[in-house]
Structure formats: C-alpha cells, structure tokens
There are 2 protein chains.
Amino acid sequence: MASEADLLLALRMATAAGEAIRPLFRSGIGIEDKDDSTPVTVADRGAEMAMRHLIASAFPDDGIIGEEFGAERTDSKRIWILDPIDGTSSFIAGRPTFGTLIALVQDGWPVLGVIDQPISGERWVGRVGEPTLFNGEGARTRPCATLAQMVMATTSPHQFDADQSEHFMALARKVAHRRIIYGGDCYNYGLLASGHIDLVVEAGLAVHDYAALVPVVEGAGGLICDWNGDPLNAQSDGTVIALGDPARLDDVLEAMGGHDH
Amino acid sequence: MASEADLLLALRMATAAGEAIRPLFRSGIGIEDKDDSTPVTVADRGAEMAMRHLIASAFPDDGIIGEEFGAERTDSKRIWILDPIDGTSSFIAGRPTFGTLIALVQDGWPVLGVIDQPISGERWVGRVGEPTLFNGEGARTRPCATLAQMVMATTSPHQFDADQSEHFMALARKVAHRRIIYGGDCYNYGLLASGHIDLVVEAGLAVHDYAALVPVVEGAGGLICDWNGDPLNAQSDGTVIALGDPARLDDVLEAMGGHDH
C-alpha cells in the first residue's frame, strides 16, 4: 500500500516535473536529433532530476528507475519508476497529449501511479485500494457491450512488429474505423480511466511506460494486462491491453486471434 | 480578398461554434452510432446551425456548404465552407485535438480560413495577403533542411487505400520513426503553421476538411497541395501534402515514389 506521505510526494513530483517541462513546450525551432540540448532532452532531464531530488530528500533509501538517468538502489523494496515525458513525439510536435509518468512499486507490484499532463493541467492519480482521481474527482471507466461500440486507441502503427501488426489489424477490423484513434501515448489511458475511451492496445512498451498506468486503470474499474491476458510486471513483454469494461477481455483476445511469445 | 467584415464574421462564427461544442465535450456515456442524439451529433449540428445563422444575418446572399446540413446558394460568388467538428473520433475519445473549420471561398479560391480548437482556446486565422495569426500573434512555419529531420503528422493509417498506403510508407521510411506522429486532424495543420510540425500527409479529405487549411498554411509561409503537387480546389482528389518549408516539395514527392490519379 502507498501511504499518504507517498501520495503527497508523488503529487509534488508531478508538479515539479510540470514546472520543468512547461517553459520548454513549443520552444524549439529546428530540433536536431544528435544535439543533447534539444528542448525535449532538456525538459526530460530537468523533470527527472527534479523528481529524483524530491525522492532523495523524502525517502533516501528508496530505489529509482528513470528513463533518463537509469537505475539506482534497485534492491530496495520500494522503487520509483519515472518517465518524465511519455510521448516524446507529441511533445516535439507541440501537441499537449504527452504526460509525466510516476509509479511507486512495492515488492514488484505498482501501488501508486500518476499520469500528469502539464500543459492542459490534467492529472490522474491511482492508488491501490482507493478510487482513481482525475483532478481530485473520482474517475470511472464505462461499460461497453460489444467490440463494435468501442472507442479504441493506440499511439502508432509503427510500434508493432509484423506479427503484432496482424493481431492488431484483426482486432481493428471488429471496431468501427471512425472509432479507432491514433496518437496519445499515456494520455489514452487517462481518458480510458475517465470513461471516454474503451480500449487501448499497444506493444513495445518499457516498464517506465506502463508501471504508472496499472493503478490508474485498475482503480477506475478497468483492466490492464499483456496480450496473453496476464498481469503486467517488470518481466512483461511490452504488449499492453487496457479495457474500460473488464467483461470484454475474452472478446478482445479472441478478436486478436491468439497471441504467444 | 476577404474584408474586415468577413474576418469579424468568421471570428464570431468560431466563437459561436465553440459555445455550442464545449458543454458537450466529454459529456457522453456510451455513444451509440445509430442514435441521432449522441453528444457529437448534437455538438456538430448545434455548431453548424449557429454558424449558418450568423452568415444568414450578415450576408444573406452568400452560399454555404456545411458538413452537417449540406449546400445552399452554391451559385453565389462567395461560399462559406463549414466543418463544425473536424476530428470526430478525437472529440468522441475526449481528446482536445479536433477543431472547427471555417473557410470563405471567392470565385473558387479560399481567401479566409479559421482552425479553432474550443477546449484549449487555440485559434489559427489565415487571410490571403495577410500573415496567419495564432491567437492574435503572427504564426510562421519553420525551415527544414532534410526529410530525416522532419516532424511528420498524419491522422490515421486507415485513411489510405492500399495504393496510397504504399506511397505513404515509402515516405515514412525516409523520416525518423519517432518523429512520425499520428492523430490530430486539422490541429496538425495549425501546429505546422506555428512551426512545430514540418509535414502533414493525408488522403480521403473532403473540401470541408481542407478549404480552411489553405489560407492558414500559405499565410504562415507554408505550402499545401495534392499528392501531385497541384494546388487544392473543389475538384481535388482528397490527397493533401502540407509543408512548412516549400523548398522540400520535390524531396517529398520523390520519396513518395510518384503518384497519379
């Protein structure tokens, strides 16, 4: 379980990350891949550094895994997993649908997750045993009776390998095309927790991409798992299904035509 | 040329459309395709009706082509082309990247275009002979030296037929994958006008999807054309290339490997 102190720390971390990111959003003219001082790199590093400082001063024994500065004290029972800017390409393109992801993992299980969008000021907070909050108000996923009625989201077709693409397209054929929405990264999982999106299907995610999503989705009444229907953990293969209505899991797995790794 | 009175009318129309749309954003629980009173349908119709009333009272002789209520007085020399919600699937999914599109076409040529995002409060206004404005400030596209450096956007891979998909993928292979961003509809063209996106490539667009984009992109220093490199008009085939740096057009057409209809 995550304590009140853990929650308050996570909220302060999200706020600090946002303060590092906001001034750099839409500030870049001519972003160079190889230049280490691009706005996105500076924002990424500044946000992660700010979050690491807050963890170190509150809980110096906690472990940290961050997208930018790697891992430290990973033998700790408590590990913070940080992705300062999930949705780098959205950030680069000036689209406010990226997010800062913060997870607290205890004994291998994510007990606290934050998805924070610092431009629009939208924040989802999930904590095991508590209802997920969107900007302080309870968030709930919605029921959905059939695949055909689902609003489905995925970030990019390029995240799938050839085999995964076949499974994804088999599913997409069961969903109305005008209800499949691309782009969005972590923001899609927040919208699922709030009952606007019914299904997110992705692949190629790293643990810092999905750890924070688990408490947010589950605390809102949804289900999140890999493409075999198994729970996500640090050893997961990077495939993710998030469902607003857990009763539709078998329909989704069946439509994807089986999957094995 | 669009007059000051035309511009003021277009701005009032965008504001009225936003007032009709905002209360319905994220209001829908369980959206049914066949139900004519879905939030998106109500928002679409309410916004278009509000805009039509404003046109009728200011310029009763002007023609109108709207996505929801069809065409009237299309023999007029001045025709307003309206898409109250471009990006229906974004609206449905609760993502604030859809937009209201307003164009004034004179003698077949779009002389005024508005892209309005009513949730984030972002508005691009293009007028032939004037610099494009973003929320009242001048907007400029940015130069981009090579395809590999481009940030490229497209709404969905499902908009392409098999032949178009091959041309698009040939282009996508020349662009860094993490710089290709999906989703976004008209919002991408606004971000291109503001110098955050370098290239938008789409297909299957209707005249109400692209008429407003032309003055916005061109007035910001960009180029917009079909996949043959020809200017867009009411008879265009629905393929669109928008470029922040017009000097890259030959590179883009070459990378797409030729195109003919």
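The values are calculated or read from the model by the stated rules, or taken from the named source; none is laboratory data. Computed from a predicted model, the values in this text were never measured in an experiment. Glycine gets a Cβ as well: all are built from the backbone with ideal geometry, and neighbour counts include every protein chain shown. The area values use the complete protein model at the heavy-atom level, side chains included, leaving out ligands, DNA and RNA. Shrake-Rupley method; radii C 1.70, N 1.55, O 1.52, S 1.80 Å.
When you restrict to C-alpha pairs under 8 Å that are six or more residues apart and normalise by the size of chain B, the relative contact order lands at 17 percent.
What angle, in degrees between 0 and 90 and rounded to the nearest 10, separates the Cα long axis of helix A:39-58 from the longest principal axis of the Cα atoms of chain A? For helix A:39-58, the angle is close to 70 degrees. Where the label is 7 Å out from Cα toward Cβ, how close does B:GLU72 come to the same position in every other copy, in nm, shortest first? Those label-point separations list as 6.8 nm.
Once the Cβ-Cβ distance between A:ASP230 and B:ALA145 is put in as r, and R0 is 51 Å, what FRET efficiency do you end up with, to the nearest 0.05? So the FRET efficiency works out to roughly 0.65. Placing +1 on each Lys and Arg Cβ and -1 on each Asp and Glu Cβ, with no other charges, gives the protein assembly as shown a dipole about its Cα centre of roughly 1140 debye. B:HIS167 sits with roughly 30 Å² accessible to a 1.4 Å probe, with DNA, RNA and ligands left out of the calculation.
Straight Cα distances below 17 angstrom link B:LYS77 to the aspartates and glutamates B:ASP6, B:ASP61, B:ASP62, B:ASP107, with same-chain residues fewer than 8 positions distant left out. Computed from the alpha carbon atoms alone, the convex hull of region B:126-261 holds 98 Å³ per residue.
So how tilted is helix B:162-172 from the main axis of chain B? Cα-based, degrees 0 to 90, rounded to 10. It works out to around 60 degrees. Heavy-atom accessible area for A:TYR210, with the other protein chains in place and a 1.4 Å probe, reaches approximately 10 Å². With Cα atoms as the point set, the protein assembly as shown shows a radius of gyration and Dmax of 23.0, 75 Å. To the nearest 10 degrees, how steep is helix B:4-21 against the longest Cα principal axis of chain B, on a 0 to 90 scale? Its long axis makes an angle of about 80 degrees.
Relative to the other identical copies, B:GLY121 shows label-point distances of 0.9 nm, where the label point lies 7 Å from Cα along the Cβ direction and values run shortest first. Sorted shortest first, the distances from the A:LEU11 label point to those of the same residue in the other copies are 4.0 nm; each point sits 7 Å from Cα along Cα-to-Cβ.
Candidate cross-link partners of A:LYS174 among the aspartates and glutamates, defined by an alpha-carbon separation under 12 Å and a same-chain spacing of 8 or more, comprise A:ASP251, A:GLU254. Accessible surface of B:PHE59, taken over heavy atoms with a 1.4 Å probe and every protein chain present, rounds to 60 Å². Accessible surface computed residue by residue for region B:143-211, with neighbouring protein chains in place and a 1.4 Å probe, gives 29 Å² per residue.
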